[in-house]
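Beneath this line is the structure, given in structure tokens, with notes to follow.
The values are calculated or read from the model by the stated rules, or taken from the named source; none is laboratory data. Computed from a prediction, not measured in an experiment: that's the story for all the values here. Backbone-built Cβ (ideal geometry, glycine too); neighbour counts: all protein chains shown. Areas reflect the complete protein model, heavy atoms only, side chains present, ligands, DNA and RNA absent. Shrake-Rupley method; radii C 1.70, N 1.55, O 1.52, S 1.80 Å.
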Amino acid sequence: MKIRFTTPLLIAIFGFAGISAQDTLQFASCDSLDMPESSLYNVDSLIAMWNGSHLLEFDSECVSVTETANVSDTILAKRLSTLPTIVEMPMNNVVRNSIQAYTGKNSRIISYALGMLPIYEETFVNALIKYGVPVELKYLPIVESALKPKAYSRAGAAGMWQFIYSTGRKYGLQVNSLVDDRYDIVRETEAAAHHLRDLYDMFGDWSLAISAYNCGPGNVSKAIARSGGKSSFWEIYPYLPRETRGYLPAFIAVNYAMEFYREHGICPTVVSVNQLTDTLVITQNLHFNQIIHFCGIDRSELSALNPQYLSDIIPGSHRECVLTLPLQYIRPLVEAGDSLYSYDREKLFTKAQLGHIDDDMNNRITYVTHKIKSGETLASIARKYHTSVANIKKWNNLKSDIIRAGKTLRIYNR
């Protein structure tokens, strides 16, 4: 579900830079703009979650004022121009309305995000840099999920980066009865950065890549075709799905609000506790009760730090799993050694459960189908899927490195 607000387009007063008068008139027929589903989230419920209630507090010295209605377009445009971004952030009516939303009625989402983002920012930035994605896309999860770790949309998208099942699977995110990698902050961020890079390589424009992240590359390609082959977001704007027309402006508005929240009197939440965590690699089946027994961590904290595990079971026999814990709980588990896995094993794991984990899940092999594009080589495809040329040739019975555009390849993954 999306929230819409009326957007009268006062063409005589506010123009769309770089868009013809005819195109601008097309905007005028769009009398509403979809805001992301995350803008509907109840911020009080977000703060009530474990991370919010235990790590965040409001800045007691902040005094809330409302500047939004008094800010001229000239000032907004100047502020946008000072942002150190690669993604183009122009000033126009649609962007202005989005800024008004995020600095006005949705300002509490910005307050919450200002406190939550530092917890995840290093993970976001490292993955974006790895794939050559502009660092300002660290704000995209605010648009997607308001940084809610267990966000789940009406369309079935999950996690902070809001992957649907099929796209997540393409980038190695596993979903089964015990684990949903779309909630694993490290894995999902890596997948999102990789996906964004692939979309940019497809369209050669970050605004279009961001739009395709929202509605899919097929819809962006259709909009380009319907526009007569135009190549920028604002030129194809009228031909995009309604939700996507509001998506990039929302991203621009969030970038603005996260940088200029003080000028709008937005009181931020701040991290009140410097929570240091570390990870353990789990290679055997492990139950939350076994962890709690040896280190005494609260179950709600354990679940909050490891949202990818859908039950109390970590299926380490299926694959290497990562367990995130505050530093003080790491040593007791390391010292427990094999006792950690054997404690109450018969009681916590029934034979049926162990058989399901070890036999049904272990070594499950899946594949994706890749349609070869013009200019692609086996080497470039291998890099894309983090595999080798030799593997691709073996999986597809290829005798040489020569491939043809339009043909398909099977890419397997455990």
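Key figures
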item: Computed E for Lys78/Thr350 - FRET, C-beta separation, R0 51 angstrom, nearest 0.05; result: 0.20
item: DSSP H segments from the chain that extend 24 Å or more along their own axis, Cα-based, with Kyte-Doolittle mean of 0.5 or above; result: 107-130
item: The chain, accessible area per residue, ligands and nucleic acids excluded (1.4 Å, Å²); result: 47
item: Accessible surface, 1.4 Å probe, highest first, among residues Ser380, Ser177; result: Ser177, Ser380
item: Heavy-atom accessible area order for Trp234, Trp161, largest first, 1.4 Å probe; result: Trp234, Trp161
item: Given Lys105/Lys222; Lys105/Lys138; Lys222/Lys394, the pairs whose alpha carbons are separated by over 25 Å; result: Lys105/Lys222; Lys222/Lys394
item: Alpha carbon centroid spacing (whole Å) that separates segment 188-236 from segment 364-410; result: 23
item: Spin-label model distance (nm) - Ser153 vs Lys371, 7 Å beyond Cα toward Cβ; result: 2.2
item: Measure of compaction for the chain (Cα Rg per 2.2 N^0.38 Å); result: 1.09
item: Highest-MSF residue in the chain out of Ser145, Ser81, Ser111 [GNM, Cα springs under 10 Å]; result: Ser81
item: Accessible area in the full protein assembly, largest first, 1.4 Å probe, for Met202, Met89; result: Met202, Met89
item: Alpha-carbon spread of segment 41-174, three principal axes, descending order, Å; result: 48, 34, 28
item: All aspartates and glutamates inside 12 Å of Lys407 as judged from Cα atoms, apart from same-chain residues fewer than 8 positions distant; result: Glu376
item: Distance in nm between pseudo-label sites at Glu88 and Thr408 (7 Å out along the Cβ direction from Cα); result: 3.6
item: Point-to-point label distance, Val270-Ser53, nm (Cα→Cβ direction, 7 Å offset); result: 2.4
item: Carbon + sulfur, % of accessible area of the chain - ligands and nucleic acids excluded, 1.4 Å; result: 50
item: Calculated SAXS-style log₁₀ I(q)/I(0) at q = 0.17 Å⁻¹ - segment 96-219, Debye, Cα scatterers; result: -0.89
